[in-house]
Amino acid sequence: MDEGDRVLCESPTYLAAISAFKAYGATFTEIRTDENGMLPDDLEKQLERYPDTKLIYVIPDFQNPTGRTWSLERREQLAALSARYGVAVVEDNPYGELRFEGEFLPAVKSFDTAGNVLCTGTFSKIFCPGYRIGWIAGEKAVIEKYILAKQAVDLHSNTLAQREIARYLELYDIDTHIETIRETYRKRCDLAVETMRAAFPAGVTFAKPEGGLFLWVELPEAVNAREVLEACLAQNVAFVPGGPFFPNGGRENTLRINYSNMPDDRIVEGLGRIGQVLRDFVEA
Ligand SMILES: Cc1ncc(COP(=O)(O)O)c(C=O)c1O
């Protein structure tokens with residue numbers, strides 16, 4: 001990315017990716033997105049409008065922050081558009097293995113006939129966050145460039161962390177572990193959704209995800225989630241306001257809830273408190 005380079009992304013998209021691209025002076029065009037992923041018509045319109053687009057950045061599986069998953073058709077359409085317009089795609093996939101409902105869907109990369117798609121994964125959500133060890137799949141020539149660029153940034157990934165993960169993979173069955181956390185997240189998601197349905201006021205909407213860690217909540221237009229957060233913090237409960245996930249701003253009436261991390265009683269208690277605060281805002 002160079003100063004002024006354009007990234008097309010979902011609206012909303014992952015906050016830390018926005019920060020990473022912004023650090024290099026990127027400009028963002030948010031592509032209209034529904035529950036099945038980016039709208040291909042809008043994507044094509046923006047590719048026509050900005051022929052010098054540098055990158056399309058997407059999270060097709062249990063997206064951060066919305067928890068949404070792209071349909072098979074949209075995945076194929078994205079690969080076809082990237083091939084037709086010769087634009088690179090970064091398919092960021094930290095959550096794909098955390099599916100607790102529905103059918104596994106193939107990566108956009110699997111429809112990539114032009115070699116334009118780079119697919120990334122991480123141990124952060126299936127093993128342990130903090131190690132900063134992940135992987136990347138792409139065309140050999142692109143990966144060779146990537147290695148040079150990565151060396152310029154960090155010389156190499158932490159060796160001790162790589163050895164610890166390698167040893168873990170030798171000693172234990174990571175698929176069994178993933179099975180366990182998937183089941184845990186499924187139950188916590190069910191409980192969170194059930195609690196929210198009972199505790200949140202009318203006019204507040206959310207959809208149940210089929211995997212991942214997040215629930216995306218839309219409040220009535222006039223309610224500002226940052227103000228709701230202030231009131232929730234006074235009750236010792238927190239969420240992430242949705243506004244910063246829109247690179248060009250706006251949509252302050254949204255927020256992200258994470259259900260993966262707390263035991264059942266605290267999920268019920270915490271979401272109950274958020275529900276009470278929301279009622280104060282929405283029914284005021
Ligand atoms: C979409 C997305 N990409 C990447 C990451 C971070 O991955 P890592 O911990 O490997 O840097 C996250 C974590 O929140 C994420 O949501």
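Measure nothing fancy, just the Cα-based angle from helix 174-199's long axis to the longest principal axis of the chain, in degrees from 0 to 90, nearest 10.
With rounding to tens, the tilt is 40 degrees.
Which chymotrypsin sites (Phe, Trp or Tyr not before Pro) in the range 55-91 pass both tests, a DSSP loop state and at most 16 other beta-carbon atoms within 10 Å?
Working: sites: Tyr57, Phe62, Trp70, Tyr85; in loops: Phe62, Trp70.
Taking the range 55-91 and a limit of 16 other Cβ atoms within 10 Å, no loop chymotrypsin sites (Phe, Trp or Tyr not before Pro) are found.
Which of these, Asn258, Asn64, Asn236, has the largest mean-square fluctuation under a Gaussian network model of the chain (Cα springs below 10 Å)?
Among Asn258, Asn64, Asn236, the largest GNM mean-square fluctuation belongs to Asn236.
Full extension from Glu269 to Asp52: what is 0.36 nm times the residue separation minus their Cα-Cα distance, to one decimal in nm? Numbers along the way, then the final one.
Values: separation 217, 0.36 × 217 = 78.12 nm, distance 4.97 nm.
That works out to 73.1 nm of additional length.
Nearest 10 degrees, 0 to 90: what angle lies between the long axis of helix 72-85 and the longest principal axis of the chain (Cα atoms)?
Helix 72-85 sits at roughly 40 degrees to that axis.
Give, as ranges by residue number, the residues of the range 115-141 whose backbone N falls under 18 Å from the point 7 Å along Cα→Cβ of Glu76.
In the range 115-141, the label zone of Glu76 (backbone N under 18 Å from the point 7 Å along Cα→Cβ) covers 115.
If you fit an axis through the alpha-carbon atoms of helix 159-171 and take the longest principal axis of the Cα set of the chain, what angle between them do you get, 0 to 90°, nearest 10?
With both axes taken from Cα atoms, the answer is about 80 degrees.
Suppose R0 equals 22 Å. What FRET efficiency, 1/(1 + (r/R0)^6) with r the Cβ-Cβ distance, do Glu183 and Trp135 give to the nearest 0.05? Let's see the in-between values first.
On the way: r = 25 Å, r/R0 = 1.12.
E between Glu183 and Trp135, to the nearest 0.05, is 0.35.
How much length is gained if the chain between Asp175 and Glu44 is pulled fully straight, taking 0.36 nm per residue apart and subtracting their Cα-Cα distance, in nm to one decimal? Intermediate values should be presented prior to the final figure.
Details: separation 131, 0.36 × 131 = 47.16 nm, distance 3.81 nm.
My answer for the length gained is 43.3 nm.
Between Lys150 and Glu221, 0.36 nm times their residue separation minus their Cα-Cα distance comes to what? Before the final figure, lay out each step's value.
Details: separation 71, 0.36 × 71 = 25.56 nm, distance 4.22 nm.
Separation in residues times 0.36 nm, less the Cα-Cα distance, equals 21.3 nm.
Restrict the search to the range 226-284; then list the GluC sites (Glu not before Pro) that DSSP places in a loop and that have at most 10 other Cβ atoms within 10 Å of their Cβ.
On the way: sites: Glu227, Glu230, Glu252, Glu269, Glu283; in loops: Glu252, Glu283.
Answer by residue number: Glu283.
Which pairs break 28 Å Cα to Cα here: Lys45/Lys150; Lys54/Lys140; Lys45/Lys208; Lys145/Lys208; Lys22/Lys187? All intermediate terms of the calculation are to be shown ahead of the outcome.
Values: Lys45/Lys150 33 Å; Lys54/Lys140 19 Å; Lys45/Lys208 30 Å; Lys145/Lys208 40 Å; Lys22/Lys187 37 Å.
With Cα atoms farther than 28 Å apart: Lys45/Lys150; Lys45/Lys208; Lys145/Lys208; Lys22/Lys187.
So how far, in whole Å, is the C-alpha centre of the range 1-31 from the one of the range 204-281?
Cα centres, the range 1-31 to the range 204-281: 24 Å.
Within 14 Å, Cβ to Cβ, of Phe111, how many net charges do the neighbouring residues add up to if Lys/Arg are +1 and Asp/Glu are -1?
0
Based on DSSP H runs of at least 4 residues, each adding -39500 (n - 2.57), what is the mean residue ellipticity at 222 nm of the chain after dividing by all its residues, to the nearest 500 deg cm²/dmol? The partial results should precede the final answer.
Working: 8 runs with 114 residues, N = 284.
Counting only the DSSP helices, I get -13000 deg cm²/dmol.
Values in this text are rule-based calculations from the coordinates and carry no lab data. Because the structure is a prediction, the values reported are computed rather than measured. All Cβ positions, glycine included, derive from the backbone under ideal geometry; neighbour counts span all protein chains shown.
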